[in-house]
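Read through the structure below, which is laid out as structure tokens, and then see the notes.
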Amino acid sequence: MGTTDTIVAVATGMSESGIAVVRLSGPDAVAVANMGFHGADLSSAPTHTVHYGFFSDKERTIDEVLTTVFRAPRSYTKEDTVEISCHGSPLIARQITEALISYGARLAEPGEFTKRAFLNGRIDLTEAESVMELISAKSELARKNSLRQLRGSLYEKVVGLRKRLLHRLAFLEAALDDPEHYELGGFSAELKTELEQISTEIKDLLSTAENGRFLTEGILTVIVGKPNVGKSSLLNLLLGEERAIVTEIAGTTRDTLEEVMQLRGVPLRIMDTAGIRETEDTVEKIGVKRARDAVRDADLALLVIDASVPLSAEDREIASLLSGKQTIVLLNKTDLTPIVTEELLRETLISDEVPILPFSSKEGIGLERLEKTIEKVFFSKNVSMNDEIILTNVRQKEALIEADRSLSLVLQSMKDQMPEDLYAVDLMDAYTSLGQLIGEEVGEDLLNEIFSKFCMGK
Ligand code: GDP
């Protein structure tokens with residue numbers, strides 16, 4: 001895994017922009033850049049200095065550039081690194097990259113700069129993965145979470161757990177090797193308490209993974225209710241909000257339509273259904289079927305009820321579709337004379353744990369309470385404010401599950417009063433799984449797979 005060669009790639013996007021950056025990293029980065037750069041002699045340039053000049057290939061000048069020199073180890077990769085900022089044309093950036101290859105650099109693999117940062121010990125694997133998640137973050141909260149991981153909070157947590165395991169493991173091994181000098185009496189009880197504690201902490205981390213899914217993929221939300229209660233008006237109200245970032249995904253009015261919006265930093269994926277009701281109309285029936293399916297897959301159902309007309313069998317039928325589904329009831333049209341009240345709904349249709357919010361799509365009443373309720377229902381704590389670590393990564397999650405499984409094997413062996421040397425194997429497995437999470441014990445295959453998901457030039 002030695003990093004003896006010098007790599008190059010365009011570090012910015014492939015569309016026209018103000019500037020574009022070509023990045024070089026490796027032992028010959030400065031020498032290679034110097035071959036095409038005219039303006040100053042980079043070979044004597046101190047670290048973190050910027051130089052104005054022109055860049056040329058072997059035949060002609062390509063562009064006017066600014067070249068930044070970072071000397072090892074004070075760079076992203078911990079190697080000598082040079083960044084050439086040129087005018088923001090993908091063509092110019094590519095020509096400069098090709099020139100640098102002709103001067104002796106090699107085109108970088110996707111993610112190879114970050115891989116080098118990892119291999120050279122500047123960042124751990126969770127930090128490397130959070131770099132990737134930060135680049136692709138789709139919401140404000142996801143961005144904040146990646147940044148928190150990038151600062152190493154998950155790493156610190158896992159390192160702490162591993163230390164505690166190693167401490168027990170070392171004592172156990174020592175006692176088994178040298179029973180005369182180490183007293184194992186009382187050790188089992190203490191070990192049991194400690195392992196149960198570690199297991200609880202792992203489970204707490206795992207329980208954040210569901211939050212992580214909502215952060216990265218969004219909360220799949222469906223708006224249901226009989227015709228004319230105000231579902232479309234609600235959707236328009238939500239989407240019309242200035243803070244909502246809207247992307248239309250697919251569909252027609254008869255079908256389901258999905259839009260993505262941000263609510264307090266949390267992405268909501270809202271499916272609009274054509275209205276759930278049985279009808280002879282075949283096209284409508286597809287809509288009804290899809291709505292039923294949508295309810296089944298949804299993380300959240302918003303049930304709209306019209307407060308200005310009496311409850312009907314249709315309301316009941318739709319409400320019954322939602323049993324066991326995370327639901328928020330919007331008692332809409334409260335700007336009109338109410339016939340249906342919250343008390344009436346509680347008595348006849350809606351169970352106590354389901355929130356009922358007075359609402360008016362027309363006047364925009366109740367929107368803020370809706371936002372707060374969604375946040376409360378999906379995130380037990382205020383994720384945007386606290387320092388909770390949220391797992392967003394399937395690989396990390398699997399490593400934790402594996403570690404916890406090994407711990408429960410140890411606890412089972414203890415319960416069955418198996419000999420101590422048997423615990424050591426499973427304890428070691430738990431230690432190894434946690435090591436894999438932070439990249440201390442990973443093979444080349446896994447590394448390649450992780451870094452290949454990166455974009456070019458990162
Ligand atoms: P949908 O069939 O459930 O999608 O209902 P629509 O959104 O098309 O609304 C049906 C009718 O109710 C329209 O005329 C809306 O203007 C009206 N409406 C929707 N929400 C409200 C509300 O909160 N108050 C009042 N007064 N009218 C509303």
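The values are calculated or read from the model by the stated rules, or taken from the named source; none is laboratory data. Computed from a predicted model, the values in this text were never measured in an experiment. Reconstructed Cβ throughout: ideal geometry from the backbone, glycine too, with neighbour counts over all protein chains shown. Just so you know, the surface numbers come from the protein's heavy atoms only, side chains and all, with ligands and any DNA or RNA stripped out. Shrake-Rupley method; radii C 1.70, N 1.55, O 1.52, S 1.80 Å.
Just so you know, in the range 412-444 the residues that are of a type in the set (Val, Ile, Thr) and over 22 Å from the mean Cα position of the chain (by Cα) include one that is most open to solvent (accessible area, probe 1.4 Å), and it is 425. Residues in the range 175-228 that are within 16 Å of the ligand (Cβ to nearest atom) and either part of a helix (DSSP H, G or I) or within 20 Å of residue 326 (Cβ to Cβ) (or both): 221, 222, 223, 224, 225. Restricting attention to the range 297-320, the residues that are within 16 Å of the ligand (Cβ to nearest atom), of a type outside the set (Gly, Ala, Ser) and surrounded by 16 or more Cβ atoms within 10 Å (Cβ to Cβ) add up to 9.
Under the condition of being within 34 Å of the chain's Cα centre (by Cα) and among the hydroxyl-bearing types (Ser, Thr, Tyr), which residue from the range 321-341 is least open to solvent (accessible area, probe 1.4 Å)? Per the stated criteria, the residue is 327. Evaluating residue 101 against the criteria (1) open to solvent by less than 30 Å² (accessible area, probe 1.4 Å); (2) in contact (Cβ under 8 Å) with a residue 60 or more places away in the chain leaves one unmet condition, (1). Residues of the range 344-381 that are small (Gly, Ala, Ser) and touching a residue at least 60 places away in the same chain (Cβ under 8 Å): 361, 364. The set of residues from the range 77-104 being on the phi < 0 side of the Ramachandran plot, part of a loop (DSSP other than H, G, I, E, B) and in contact with a helix residue (DSSP H, G or I) (Cβ under 6 Å, 6 or more places away or on another chain) comprises 77, 80, 103. Total residues in the range 153-193 satisfying the condition of being of a type in the set (D, E, K, R) and open to solvent by less than 30 Å² (accessible area, probe 1.4 Å): the figure is 1. When you look at residue 67, is it assigned to a strand (DSSP E or B), polar (S, T, N, Q), touching a residue at least 24 places away in the same chain (Cβ under 8 Å) and crowded, with 23+ Cβ neighbours inside 10 Å, yes or no? Yes; evaluated as a whole, the condition is true for this residue. Residue 344 falls short of the stated requirement of being in a helix (DSSP H, G or I) and either on the phi > 0 side of the Ramachandran plot or open to solvent by less than 10 Å² (accessible area, probe 1.4 Å) (or both). For the range 270-281, indicate whether the set of residues that are within 12 Å of the ligand (Cβ to nearest atom) and modelled with pLDDT of 85 or more is non-empty. No, the range 270-281 contains no residue that is within 12 Å of the ligand (Cβ to nearest atom) and modelled with pLDDT of 85 or more.
Within the range 33-45, being open to solvent by less than 80 Å² (accessible area, probe 1.4 Å) and in a loop (DSSP other than H, G, I, E, B) holds for 39, 40, 45. Of the residues 58, 78, 115, the single one that is over 30 Å from residue 158 (Cβ atoms), of a type in the set (D, E, K, R) and open to solvent by 30 Å² or more (accessible area, probe 1.4 Å) is 58. Would you point out which residue out of 75, 89, 17 is within 21 Å of residue 135 (Cβ to Cβ) and either acidic (Asp, Glu) or in contact (Cβ under 8 Å) with a residue 60 or more places away in the chain (or both)? The match here is 17.
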